[in-house]
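Undergrad: Right, I'll just put the structure down here and ask away after.
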Amino acid sequence: LPSRILCSLIQPVTPDLLVSPSSPHGDLASECPEDRGNWTGRLDFLLSCIGYCVGLGNVWRFPYRAYTNGGGAFLVPYFIMLAICGIPIFFMELSLGQFSSLGPLAVWKISPLFKGVGIGTILIVSLVAIYYNMIIAYVLFYLFASLTSDLPWQHCGNWWNTDLCLDHHVIKTGNTTFPVNITNTVSPSEEYWSRYVLHIQGSSGIGDPGRIRWNLCLCLLLSWTIVYLCILKGVKSSGKVVYFTATFPYLILVMLLIRGVTLEGAWKGIQFYLTPQFDHLLSSKVWIEAALQIFYSLGVGFGGLLTFASYNTFHQNIYRDTFIVTLGNAITSILAGFAIFSVLGYMSQELGVPVNQVAKAGPGLAFVVYPQAMTMLPLSPFWSFLFFFMLLTLGLDSQFAFMETIVTAVTDEFPYYLRPKKALFSAVICIALFLMGLILTTEGGMYWLVLMDDYSAGFGVMVVVITTCLVVTRVYGMKRFCRDIHMMLGFKPGPYFRACWMVLSPATMMALLLYNIVKYQPSEYGNYRFPAWAEVLGILMGVLSCLMIPVGMVMAILQEEGTLWERIQQASRPAMDWGPSLEENRTGVYVASLAGSQSPKPLMVHMRKYGGITSYENTAIEVDREIEEEEESMM
């Protein structure tokens, strides 16, 4: 029988028709969970996580944050915050996803009262996916522009240039007796970015978006087409694409690093990047910046890690994978700093200005400073193409994760309707997000992109992570959560993880949240200040995801019966079918709790199926014994 027909037989409406793994037709019934899909290769999950975490922020945010916050001394708070916040929360998200084999919405069977956290996560990821793909569209634009013998942002004299444009070649070959005053000038790369690519002079502000830039619109369409084709078959297709997109950036990064350190003046930039200023460690701002860098670089709270882990086998060693990905992400950020600042050191020497005058972060580095530096190198189109191809592969990995998170979350909620039509549903989501992103392709689109970048994920993601941490440790219970991990991995988390989950991680996240509120600054782009209505819109954008939590609570309480307190207690408890998705992995309190289960002891299923007891069955026996001892002590 086709697996779709089998799944329809296993609906809880008619339990007498159900087939359990212990029945003679167990092998047929076991096909149903496979409809969701799993990773098809041993490295699919690991490379997907690396690709998701190692993104644009590693290249254009970490190096700048490091040099502005104490240089080499910044690594001290960076690795401390990695240990306190990054690694524990990363491991928690992977554990939740792998244990339940559910996406960011359905995983809240762990405590239905807080399902609004999952809804808030999907809202955040959707907003981020809209503007993140626009950044990939800019990268594609520059990638195509690099396919020429002479980079278009290399010289002045084009129709988009103004009288303020000053070519760096003029500075280099000019008469040294009469030095050129560059204080009120603009580089060709900056005018190419603002006046040609964005054509921002056609907009007076965020309330006047102007016309659509059709070249940018086509790049955005191409970007969404690439993303759709790569996630067409879910993790089975994206899991193969990441073998290239997660590894190739490292090859380019090494090439750029080798080329950078061999340039004249490169060590000037590296010295500027890494010279430790230990007095900065006394500033709370530096520790907050380190925590923020860890928080956003690892992508916790966005649902991507949980989604990827949900496609693992039940006993995948995510403990090992956690340390590989988090430490690999940190090392990549440091290496990217060497590659970036070695070129900036060369650039500062060529222009005869200090490094701090050429160093920028974000789009300013990727689309203005680094492209200008490329024009100073021999074979500049080649190095420019490599740089933007690296940014493209870095960005696509993260976008795959965002889209997989949205699609998985919704299909897990409506599996019988949407899973058979997952490709069509993915297409609908991509088209909808493309249409919503069209305003970003207008002449004033950069203003909207800055607004979305500043507000869509900042406040909301922190609330999501704090709530998740508190629900898992306080509502669900630390002891129960550690027992679930023991069931999966064969060992319980040590005191380090338990201390971080219970106290250190949520306390640090709350400090970050309070810091962001107290130090709130209105958005700006260059000299442009956003109007009050735009600020209000941005704040609403950030608060909307948080409002989903109380809304979800109200909905969960209304579905229960009894007094208000009884309803809250019932909604707080895990759903009846919470636990491992395959019946053969369900032991202890999870035995026979799947709808229509006929197997009294999944452990016996293991023994009949595999002809003996493995180490994981031994773990199951231990878990069962612990539960029995607890029940006896309570009686």
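The values are calculated or read from the model by the stated rules, or taken from the named source; none is laboratory data. Note that the structure is a prediction, hence the values are computed from the model and not measured. Here the Cβ is made from the backbone with ideal geometry for all residues, glycine too, and neighbour counts use every protein chain on show. In case anyone asks, the SASA skips ligands and DNA or RNA and just uses the protein heavy atoms, side chains included. Shrake-Rupley method; radii C 1.70, N 1.55, O 1.52, S 1.80 Å.
Undergrad: Less than 15 Å Cβ to Cβ from PHE91, Lys/Arg counted +1 and Asp/Glu -1: what total charge do the surrounding residues give? Don't jump to the answer; show the numbers that get you there.
TA: Details: positive: ARG320, LYS492, ARG498; negative: GLU93, ASP321, ASP484.
In short, 0.
Undergrad: Given R₀ = 25 Å, what would the calculated FRET efficiency be for VAL589 paired with THR40, taking r from the Cβ atoms and rounding to 0.05?
TA: Working: r = 32 Å, r/R0 = 1.28.
So the FRET efficiency works out to roughly 0.20.
Undergrad: Let me ask you something else. With the other protein chains left in place, how much accessible area per residue, in square angstrom, belongs to the chain at a 1.4 angstrom probe? Could the numbers behind the result be given before it?
TA: Values: 26580 Å² over 635 residues.
Counting only protein heavy atoms, the per-residue value for the chain is 42 Å².
Undergrad: Sticking with the crude label model, points 7 Å out along Cα→Cβ, report the distance from MET502 to SER204 in nm, one decimal please.
TA: 6.1
Undergrad: Roughly how many percent of the accessible protein surface of the chain is carbon and sulfur, given a 1.4 Å probe and a whole-percent answer? Numbers along the way, then the final one.
TA: Values: 17320 of 26580 Å².
Carbon and sulfur together cover 65 percent of it.
Undergrad: Then there is this: In nanometres, what is the gap between the two model label sites at GLU413 and ARG529, each 7 Å from Cα along Cα-to-Cβ?
TA: In this crude spin-label approximation the distance works out to 4.1 nm.
Undergrad: For CYS165, what residues show an amide H to amide H distance below 5 Å, using hydrogens built from the backbone and excluding near sequence neighbours?
TA: Residues meeting the amide H criterion: VAL186.
Undergrad: Further, regarding this structure: Within the range 110-141, which residues have the backbone N less than 17 Å from the label spot 7 Å out from ARG480 along Cα→beta-carbon, could you tell me?
TA: Answer for this model: 110-116.
Undergrad: Continuing with this model, one more query. Quick one: accessible surface of ARG498, probe radius 1.4 Å, all protein chains present, in square angstrom to the nearest 10.
TA: 90
Undergrad: Further question on the same structure: By Kyte-Doolittle mean hydropathy of at least -0.5 and Cα axial length of at least 27 Å, which whole DSSP H helices of the chain are selected? Present the calculation step by step, with values, prior to reporting the outcome.
TA: Numbers: long enough: 115-145 (46 Å, 1.83); 318-351 (48 Å, 1.03); 380-413 (50 Å, 0.98); 532-558 (37 Å, 2.10); 615-634 (29 Å, -1.31).
In the chain, the long hydrophobic H runs are 115-145, 318-351, 380-413, 532-558.
Undergrad: On a 25 Å Cα-Cα criterion, which of the cross-link pairs LYS115/LYS422; LYS109/LYS519; LYS422/LYS479; LYS115/LYS240; LYS240/LYS492; LYS240/LYS421 come out too long?
TA: Where the Cα-Cα span goes over 25 Å, the pairs concerned are LYS109/LYS519; LYS422/LYS479; LYS115/LYS240; LYS240/LYS492.
Undergrad: Please work out how much length the chain gains when fully extended from THR225 to VAL518, using 0.36 nm per residue of separation minus the C-alpha to C-alpha distance, in nm with one decimal. Write down the numbers at each step before the final one.
TA: Working: separation 293, 0.36 × 293 = 105.48 nm, distance 4.11 nm.
So the extension gain works out to 101.4 nm.
Undergrad: As a test question: what accessible area, to the nearest 10 Å², does GLU566 have when a 1.4 Å probe is rolled over all protein chains in place?
TA: Probe radius 1.4 Å; accessible area of GLU566 about 80 Å².
Undergrad: So what's the back-of-envelope 222 nm ellipticity for the chain, counting only DSSP H runs of four-plus at -39500 (n - 2.57) apiece and dividing by all residues, rounded to 500?
TA: Working: 30 runs with 380 residues, N = 635.
So the helix-based figure for the chain works out to -19000 deg cm²/dmol.
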